[in-house]
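To start, the structure under review is shown below, and the notes come after it.
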Amino acid sequence: MEGPEQGETVVQIWRELEQTGLVRISLVAVVDGRVVGQVGVSHAWLDARRALVDVLLLSPLSVLPSHQRRGIGTALLEAVLAAGAQTEKPAMVLEGSPFYYADRGFDRGSVHGIVAPSDRTPDAAFQVALFGSWEEWMTGRVVYPDVWWRNDAAGLRDPVLAELEERFGDL
């Protein structure tokens, strides 16, 4: 999601997640007493053959444009991964740029048999960080809570999806 109109949707989704008790981790970056970045992690499921597995869903990660390229996003990711590793959850998933997240602790979900909830998410963009409680049998499709679907916030839509596929193929 990009742009001011999507920012309002993200705020709405986050409020709904808070109201329904699905927020698992929320961290902010503060510079000179001002919040300049935020990362949120909520609940999702991995629909494995053996059992439905609780996992963590990272979204959103944002840094004010005036503070980007200063390491704030990376610091937030490091902190949220450390917090996630302290939970009993086996994995944290996200939809995002493989050019950004791959260098910061995330792999393609498909490498580990973990599939995006929507076919509209390019394979390279659906990523996972595995924690100590992950086991080999924990494979399958991730299921997002309803709030993501009601707000059309899972995967991409055309023309953006078509443009990415044409430009990058499988990214």
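The values are calculated or read from the model by the stated rules, or taken from the named source; none is laboratory data. Every value quoted in this text rests on a predicted model; they were computed, and no experiment measured them. Every residue, glycine as well, gets a Cβ built from its backbone with ideal geometry; the counts of neighbours run over all protein chains shown.
Restricting attention to the range 15-48, and to residues there that are of a type in the set (K, R) and more than 18 Å from S133 (Cβ to Cβ), which single residue is nearest to the chain's Cα centre (by Cα)?
My answer is R15.
Does L46 meet the test of being over 18 Å from N151 (Cβ atoms), surrounded by 20 or more Cβ atoms within 10 Å (Cβ to Cβ) and of a type outside the set (D, E)?
Considered against the rule, which asks whether it is over 18 Å from N151 (Cβ atoms), surrounded by 20 or more Cβ atoms within 10 Å (Cβ to Cβ) and of a type outside the set (D, E), L46 comes out as yes.
Out of the residues in the range 110-141 that are aromatic (F, W, Y) and either part of a strand (DSSP E or B) or out of contact with any strand residue (DSSP E or B) (no Cβ under 7 Å at 6 or more places or on another chain) (or both), state the one that is surrounded by the fewest Cβ atoms within 10 Å (Cβ to Cβ).
Here the residue is W137.
Identify the residue in the range 68-100 that is of a type outside the set (A, V, I, L, M, F, W, C), buried (at least 17 other Cβ atoms within 10 Å of the Cβ) and out of contact with any helix residue (DSSP H, G or I) (no Cβ under 7 Å at 6 or more places or on another chain) and, among all such residues, is farthest from R50 (Cα to Cα).
Per the criteria, the residue is G73.
Across the range 32-51, what is the total count of residues that are free of Cβ contacts under 8 Å to residues at least 40 places away in the same chain and either charged (D, E, K, R) or not in a loop (DSSP other than H, G, I, E, B) (or both)? Steps first, answer last, please.
Quick first cut of the range 32-51, residues free of Cβ contacts under 8 Å to residues at least 40 places away in the same chain only: 32-38, 40, 51.
Now narrow it down to the ones that are either charged (D, E, K, R) or not in a loop (DSSP other than H, G, I, E, B) (or both): 32, 34-38, 40.
Matching residues across the range 32-51 total 7.
Just one of (1) assigned to a helix (DSSP H, G or I); (2) surrounded by 14 or more Cβ atoms within 10 Å (Cβ to Cβ); (3) over 14 Å from the mean Cα position of the chain (by Cα); (4) modelled with pLDDT under 95 trips up D103, so point out which.
(2)
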